[in-house]
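For reference, the structure is listed below as structure tokens.
Derivation of every value follows stated rules applied to the coordinates shown; laboratory data play no part. Just so you know, these numbers come straight off a predicted model, no measurement behind them. Note: ideal-geometry Cβ built from the backbone for every residue, glycine included; neighbour counts use all protein chains shown.
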Amino acid sequence: PLVLGIETSCDETGIGVVSGHRLLADAVASSVEEHARFGGVVPEVASRAHLEAMVPTLQRACETAGIALDDVDAIAVTSGPGLAGALLVGVAAAKALALGLDKPLYGVNHLAAHVAVDQLEHGALPDPCLAMLVSGGHSSLLRVDDVTASVTPLGATIDDAAGEAFDKVARLLGLPFPGGPHVDRAAASGSSVAIDFPRGLSSRRDLERHRFDFSFSGLKTAVARWVQAREESGEPVPVADVAASFQEAVCDVLTRKAVDAARSAGIEDLLIGGGVAANSRLRVLAEERAAVHGIRVRVPRPGLCTDNGAMVAALGSEMVARGRTPSSLDLPADSSLPVTEVLAG
Ligand code: ATP
Ligand code: MG
Ligand code: FE
């Protein structure tokens, strides 16, 4: 089936077109630069930008895919979780298209879409698989038995998301927003063992209650204190070493817990998605640690890891293929849609 996917949960207006597992178009307009001077996404600015970008991005996607709107078999849209006002723009657009074209509408879960997107690159998802989603808003470990119907959360961050930690540390180091890619680049010339930053929720006692949960706010504070102490002593801050040591602390915990979760569930496929999955160290360390236990790692290419419309189309396409009942036209935008709700109303 030919499926059009619409994503507007945060600051990317994404329109994707897929045919089965084949990617035909992935048009993304980002308002990230408008948020940069605020050091984080401003919801009102994001909503407005979605409204402006929706039609041109839709046209660009159709042109790239070489299709007319009427050719599509179904419309999929992120119905949550995300910023309420931002989600509303995508959901309204999707409803208008579904109604006007008389095609079925699928309101899908953004997190499940981050998992489904891997099918466009590596083919059908292994059932079950263990998914680790790490982005600016989420850090979760999920057991995925069927991406269209059965996703079970095993753990999540109890404070900051991994991407949020990258963005905050980047800011401390004077690097631009969003900071992840800049920290990644700076870390390449630093030493990951220069500074021993804390690994959140990794003590024996914490593991009893939070075996598959994450915490990054203590790490962020530790980096802030370290940098501040350096500045006060008048010495220059070794940006590359701080970046590399911080990055190592994040990737160490993420990969340890992901592999532990996969092993304890007896699952042999680990899928990593979300913007932080673009991190070069995370990819290497995950491969290394998973290989020790015979676990295969799947990571989509960086462009598919960050928010986009293709991931929504990919999940919509799977919904159609598996004969799921479409959402109704009064589908809500649900800012706190639980991950267990893969297909909304
Ligand atoms: P959501 O959390 O709702 O999915 P988002 O816009 O934060 O929304 P993404 O677009 O998937 O999610 O990811 C953006 C995040 O990924 C930012 O925090 C960014 O710093 C981080 N990121 C991107 N590239 C890298 C990288 N190479 N290393 C570390 N972090 C990265
Ligand atoms: Mg984003
Ligand atoms: Fe996302």
Compute the long axis of helix 84-101 from its Cα atoms, compare it with the longest principal axis of the Cα atoms of the chain, and write down the angle in degrees, 0 to 90, nearest 10. 20 degrees
Debye, to nearest 20: dipole size of the stretch 1-81, +1 on Lys, Arg Cβ, -1 on Asp, Glu Cβ: 80 debye
When Lys and Arg each count +1 and Asp and Glu each count -1, what net charge do the other residues less than 11 Å away from Ala112, Cβ to Cβ, add up to? -3
Work out the P(r) tail for the chain: percent of alpha carbon pairs separated by more than 40 Å, whole number. 12 percent
I'd like the distance separating the alpha-carbon centroids of the stretch 65-137 and the stretch 164-239, in whole Å. 33 Å
To the nearest 20 debye, what is the magnitude of the charge dipole of the chain about its Cα centre, counting +1 on the Cβ of each Lys and Arg and -1 on the Cβ of each Asp and Glu? 680 debye
In nm, to one decimal, how far is the Arg171 label point from the Arg256 one, both placed 7 Å along Cα→Cβ? 2.7 nm
In nanometres, the difference between 0.36 nm per residue of separation and the alpha-carbon distance of Ala229 and Leu69 is 51.8 nm
Local net charge near Gly345, Cβ-Cβ under 11 Å (Lys/Arg +1, Asp/Glu -1): -3
Efficiency of FRET from Cβ geometry, His293 and Asp206, R₀ 22 Å, rounded to 0.05: 0.50
Note down the net charge around Leu270, summing +1 for each Lys or Arg and -1 for each Asp or Glu among other residues with Cβ under 13 Å from its Cβ. +2
